[in-house]
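The values are calculated or read from the model by the stated rules, or taken from the named source; none is laboratory data. Remember, it's a predicted structure, so these values are computed and weren't measured experimentally. Here the Cβ positions follow ideal geometry from the backbone for every residue, glycine too, while neighbour counts run over all protein chains shown. Quick note on the areas: whole protein, heavy atoms, side chains included, nothing else; ligands and nucleic acids left out. Shrake-Rupley method; radii C 1.70, N 1.55, O 1.52, S 1.80 Å.
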Amino acid sequence: MSESTPARWSEVTDLDQGIWAVDTGFIRPLFDASHLIVENGRAAFVDVATSYSVPRLLAALAGRGLEPADVDYLILTHVHLDHGGGAGALMRQLPGAKLVVHPRGARHVIDPTKLIAGASAVFGEEEVRRGYGDVLPVDAERVIEAPDGFTLELGGRPLHFIDSPGHARHHVCIWDEASRSWFTGDTFGLAYPELAGDNGVFIFPTTTPVQFEPEALEASISRMLERTPRAMLLTHYSQVTEVERLAGLLLEQVRAFVEMGRAADGHPDRGARLRGELGEYLLDRATKHGCPLAPDDLRDFLSHDVELNAQGLEVWLDRAKP
């Protein structure tokens with residue numbers, strides 16, 4: 001398949017090999033994808049976004065001729081609310097499904113109180129309520145913990161899980177041998193279709209609070225490359241190919257972000273300096289890559305991620321101090 005362009009995408013996009021990307025509608029179009037896998041009449045969702053996304057996911061299922069009872073698994077790459085906030089709401093619509101999650105994340109889907117509190121500390125309580133809707137618990141007996149090396153089968157189709165820290169310590173990536181693709185959550189960064197240009201997809205890392213760990217992130221990316229994947233399936237946003245090129249770009253930028261963080265540490269207004277430098281760095285890199293957005297539009301487009309990345313770098317810097 002060719003690299004991502006905005007014209008390629010619709011609310012539900014067929015990626016072949018029994019995989020569809022479903023635009024969850026969170027924040028804006030083409031920002032947040034859930035992936036639907038179908039094999040021999042059985043289905044699984046990978047990531048769900050928020051409770052507001054549930055009708056879209058059920059509609060995507062119906063559009064494939066399937067019923068909620070045909071879904072065996074809801075898989076979360078991690079429990080950040082833009083990936084798993086709607087898990088409890090969706091599980092209430094899927095009578096036979098199990099929720100599959102990293103062992104560190106299981107307690108948070110069973111009792112999301114701390115998860116909501118953590119998101120509120122980053123975004124504000126009112127924004128969490130407005131943006132994410134109801135974050136409902138999942139019954140413990142419906143939760144499957146997926147440690148490193150775990151495998152499950154969907155209609156005879158094996159899905160292999162690895163522990164993939166770096167963005168979060170409760171993060172898994174899922175290898176699908178049938179498509180030779182990884183479902184990467186946030187471990188393989190962000191690649192919005194609007195940023196793609198003449199030189200293909202533009203990718204950059206996410207250092208969102210609160211568990212950014214650069215060495216672990218590089219190790220997780222390297223581990224995924226060992227399988228020589230044909231494609232990566234990102235939550236933000238969906239399928240990208242040219243994996244080796246994108247991995248190189250991503251690792252280069254992780255190191256640049258780290259250098260910017262260390263250089264800003266001790267500055268009297270560290271956060272403002274980080275936001276400014278990250279914003280200018282990404283603006284410059286995306287422009288040189290051939291991004292079609294005008295500079296002011298590009299700066300505005302990137303502002304949300306720049307803010308979150310700066311916050312995450314500050315948390316990382318503070319954690320590293322004795």
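Within segment 288-304, being within 14 Å of Phe202 (Cα to Cα), within 24 Å of the chain's Cα centre (by Cα) and part of a helix (DSSP H, G or I) holds for His289, Leu298, Phe301, Leu302. Looking at (1) open to solvent by less than 10 Å² (accessible area, probe 1.4 Å); (2) of a type in the set (Val, Ile, Thr); (3) under 19 Å from the mean Cα position of the chain (by Cα), which is the one condition that is false for Ile116? For Ile116, the exception is condition (1). Taking the stated definitions as given, is Ala49 touching a Ser or Thr at 6+ places or on another chain (Cβ under 6 Å), touching a residue at least 60 places away in the same chain (Cβ under 8 Å) and open to solvent by less than 20 Å² (accessible area, probe 1.4 Å)? No, not satisfied. Considered as a group, the residues in segment 156-201 that are assigned to a loop (DSSP other than H, G, I, E, B) and in contact with a Phe, Trp or Tyr (Cβ under 8 Å, 6 or more places away or on another chain) include one that is farthest from Gly271 (Cα to Cα), and that residue is Ala196. The set of residues in segment 257-269 that are more than 17 Å from Thr208 (Cβ to Cβ) and either touching a residue at least 24 places away in the same chain (Cβ under 8 Å) or crowded, with 17+ Cβ neighbours inside 10 Å (or both) comprises Arg262, Ala264, Asp265. Within segment 97-125, residues that are over 17 Å from Asp47 (Cβ atoms) sit with their Cβ atoms under 7 Å from residues that are of a type in the set (S, T, N, Q), at 6+ positions apart or across chains, in these pairs: Val122/Gln311. Here is the figure for segment 151-172: residues that are free of Cβ contacts under 8 Å to residues at least 60 places away in the same chain and open to solvent by 50 Å² or more (accessible area, probe 1.4 Å) total 3.
Results for (1) open to solvent by 10 Å² or more (accessible area, probe 1.4 Å); (2) under 27 Å from Ile162 (Cα atoms); (3) not polar (S, T, N, Q), shown as yes or no for each residue.
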| residue | (1), (2), (3) |
| --- | --- |
| Arg8 | yes, no, yes |
| Asp16 | yes, yes, yes |
| Ala21 | no, yes, yes |
| Thr24 | no, yes, no |
| His35 | no, yes, yes |
| Asp72 | yes, yes, yes |
| Ala89 | yes, yes, yes |
| Ala97 | no, yes, yes |
| Ala106 | no, yes, yes |
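Going by the structure shown, is Ile144 open to solvent by 10 Å² or more (accessible area, probe 1.4 Å), closer than 22 Å to Gly86 by Cα and part of a strand (DSSP E or B)? Yes: the conditions hold for Ile144.
The residue list Gly41, Gly65 contains one member that is free of Cβ contacts under 8 Å to residues at least 24 places away in the same chain, within 19 Å of Arg157 (Cβ to Cβ) and open to solvent by 20 Å² or more (accessible area, probe 1.4 Å), which is Gly65.
Out of all the residues in segment 123-138, is one or more at pLDDT 95 or above and crowded, with 18+ Cβ neighbours inside 10 Å? Yes, segment 123-138 contains at least one residue that is at pLDDT 95 or above and crowded, with 18+ Cβ neighbours inside 10 Å.
Residues checked against (1) in contact with a Phe, Trp or Tyr (Cβ under 6 Å, 6 or more places away or on another chain); (2) among the β-branched types (Val, Ile, Thr); (3) not in a loop (DSSP other than H, G, I, E, B):
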| site | (1), (2), (3) |
| --- | --- |
| Ser10 | no, no, no |
| Gln17 | no, no, no |
| Val22 | no, yes, yes |
| Leu30 | yes, no, no |
| Val38 | no, yes, yes |
| Leu61 | no, no, yes |
| His78 | no, no, no |
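If you go through segment 281-322 and keep only what is open to solvent by 50 Å² or more (accessible area, probe 1.4 Å), of a type in the set (Val, Ile, Thr) and in contact (Cβ under 8 Å) with a residue 24 or more places away in the chain, you end up with nothing.
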